[in-house]
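Colleague: The structure that follows is given in the form of structure tokens.
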Ligand code: AHM
Ligand code: MG
């Protein structure tokens, strides 16, 4: 029996983390601090997202901030916020990010953790005021702390994640994460500046009646995917596709459903990236009783070959993903 949290719904994220620190496999407090750092950067990004409509978000802002830096598009700004918070926090040795071609070595060689992050996913939705998200995975480095970060530290299969989570900037902002002992969701209360535990020990329904896929590309899907979509239609399921992975995933986590980004003509390996989009959501899905595959094998078993590798992605309610992955 794993030690689930005893705090009542309504506790804040800090208390929750403190209370559960001893339940972590590595109870030194560094992982706890790292999660706090991510949550904090999420608050800053949330603030910027909320202002974006007034600040003029397309293209560079054209204005300078207090540090005299030119203000950036939100996805770039989010990348800077997370990188800075993690560098200052000192618990992270290196980051891989959707926004950077190469590994970002934070020159914290003593740190034990590696982060893979998509700082702002669904960026095409920013300009139209639709939900977007941040996705992150946390790994322990393999090479000893104190030595320079190696590629093997970064290219680890998803099953080695020690924690994973996302932030959904939606009608409410939520921080959802797992350290391998279930999934918990916190809703941001802006007037308090706190994330409050609102969704304790989240479980994904085993079945659902919603499928999320960009059907505009239907003609270039594999026959198996086409057949599955036809089955969904035969059964009268609802189609829901926000075009923001975190938002589509979150809805399916709460209500049941499947999200599919299969291989297409334009994107033969799918569009989504294994390291900072798929693995994190795969871990959360499994921790909540769901499943994630690339259509054949378990996402978290895939041995990554490159930082920005793409994979077809099938994630959501267990029985739906099983059926779609046949
Ligand atoms: P991004 O990382 O460039 O934002 O792309 C990822 C997003 C996902 O959030 C979303 O599910 C998908 O791309 C939508 O892609 P498409 O427009 O091809 O359906
Ligand atoms: Mg992305």
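Colleague: Restricting attention to the range 45-59, which residues are in a loop (DSSP other than H, G, I, E, B) and either out of contact with any helix residue (DSSP H, G or I) (no Cβ under 9 Å at 6 or more places or on another chain) or at pLDDT 85 or above (or both)?
Modeller: 56, 59, listed by residue number.
Colleague: State the number of residues belonging to the range 105-153 that are assigned to a strand (DSSP E or B) and within 16 Å of ligand 1 (Cβ to nearest atom).
Modeller: Step one: of the range 105-153, the residues assigned to a strand (DSSP E or B) are 105, 113-121, 132-140.
This time we only want the ones that are within 16 Å of ligand 1 (Cβ to nearest atom), so: 116-121, 132-137.
Of the residues in the range 105-153, 12 are assigned to a strand (DSSP E or B) and within 16 Å of ligand 1 (Cβ to nearest atom).
Colleague: Quick one: how many residues across the range 182-192 are assigned to a loop (DSSP other than H, G, I, E, B) and either modelled with pLDDT of 95 or more or crowded, with 17+ Cβ neighbours inside 10 Å (or both)?
Modeller: Of all residues in the range 182-192, those assigned to a loop (DSSP other than H, G, I, E, B) come to 182, 190-192.
The next check asks that each one be either modelled with pLDDT of 95 or more or crowded, with 17+ Cβ neighbours inside 10 Å (or both); those that pass are 182.
Counting residues in the range 182-192 that are assigned to a loop (DSSP other than H, G, I, E, B) and either modelled with pLDDT of 95 or more or crowded, with 17+ Cβ neighbours inside 10 Å (or both) gives 1.
Colleague: Do we find a residue being in contact with a helix residue (DSSP H, G or I) (Cβ under 8 Å, 6 or more places away or on another chain), within 16 Å of ligand 1 (Cβ to nearest atom) and assigned to a helix (DSSP H, G or I) anywhere in the range 300-318? Spell out how you get there, then give the answer.
Modeller: Residues of the range 300-318 in contact with a helix residue (DSSP H, G or I) (Cβ under 8 Å, 6 or more places away or on another chain): 300-302, 304, 307-311, 313-317.
With the extra rule that they be within 16 Å of ligand 1 (Cβ to nearest atom), the set shrinks to 307-311, 313-316.
Still in the running and assigned to a helix (DSSP H, G or I): none.
Looking for residues that are in contact with a helix residue (DSSP H, G or I) (Cβ under 8 Å, 6 or more places away or on another chain), within 16 Å of ligand 1 (Cβ to nearest atom) and assigned to a helix (DSSP H, G or I), one finds none in the range 300-318, hence no.
Colleague: Of all residues in the range 265-294, which are more than 18 Å from residue 184 (Cβ to Cβ), in a loop (DSSP other than H, G, I, E, B), modelled with pLDDT of 95 or more and away from ligand 2 (no atom under 16 Å from the Cβ)?
Modeller: 294
Colleague: Would you say residue 137 is touching a helix residue (DSSP H, G or I) at 6+ places or on another chain (Cβ under 6 Å) and surrounded by 21 or more Cβ atoms within 10 Å (Cβ to Cβ)? Write out each step before concluding.
Modeller: Details: touching a helix residue (DSSP H, G or I) at 6+ places or on another chain (Cβ under 6 Å): yes; surrounded by 21 or more Cβ atoms within 10 Å (Cβ to Cβ): yes.
Criteria met by residue 137.
Listed here are the residues, each with its yes/no results for (1) surrounded by fewer than 24 Cβ atoms within 10 Å (Cβ to Cβ); (2) out of contact with any strand residue (DSSP E or B) (no Cβ under 6 Å at 6 or more places or on another chain).
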{"site": "245", "(1), (2)": "no, no"}
{"site": "248", "(1), (2)": "no, no"}
{"site": "255", "(1), (2)": "yes, yes"}
{"site": "274", "(1), (2)": "no, yes"}
{"site": "285", "(1), (2)": "no, no"}
{"site": "289", "(1), (2)": "yes, yes"}
{"site": "292", "(1), (2)": "no, no"}
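Colleague: Which of the residues spanning the range 295-311 are within 12 Å of ligand 2 (Cβ to nearest atom) and either under 13 Å from residue 225 (Cβ atoms) or surrounded by fewer than 16 Cβ atoms within 10 Å (Cβ to Cβ) (or both)? I'd like the intermediate steps shown before the answer.
Modeller: Kept after step one, since they are within 12 Å of ligand 2 (Cβ to nearest atom), are these residues of the range 295-311: 308, 310.
Once the filter is applied, which keeps residues that are within 12 Å of ligand 2 (Cβ to nearest atom) and either under 13 Å from residue 225 (Cβ atoms) or surrounded by fewer than 16 Cβ atoms within 10 Å (Cβ to Cβ) (or both), the range 295-311 yields only 308.
Colleague: Could I ask something else about it? Condition (residue is part of a strand (DSSP E or B), in contact with a helix residue (DSSP H, G or I) (Cβ under 9 Å, 6 or more places away or on another chain) and within 16 Å of ligand 2 (Cβ to nearest atom)) applied to the range 209-227: is it met by at least one residue?
Modeller: Restricting attention to the range 209-227, the residues satisfying the condition of being part of a strand (DSSP E or B) are 210-212.
Pick out the ones that are also in contact with a helix residue (DSSP H, G or I) (Cβ under 9 Å, 6 or more places away or on another chain) and you get 210-212.
In the following step, the residues that additionally are within 16 Å of ligand 2 (Cβ to nearest atom) were identified as 212.
Among the residues of the range 209-227, at least one is part of a strand (DSSP E or B), in contact with a helix residue (DSSP H, G or I) (Cβ under 9 Å, 6 or more places away or on another chain) and within 16 Å of ligand 2 (Cβ to nearest atom), which makes the answer yes.
Colleague: All but one of (1) modelled with pLDDT under 95; (2) under 18 Å from the mean Cα position of the chain (by Cα) hold for residue 326; which doesn't?
Modeller: (2)
The values are calculated or read from the model by the stated rules, or taken from the named source; none is laboratory data. Note that the structure is a prediction, hence the values are computed from the model and not measured. Cβ coordinates were reconstructed from backbone atoms using ideal geometry, including for glycine residues, and neighbour counts include every protein chain displayed.
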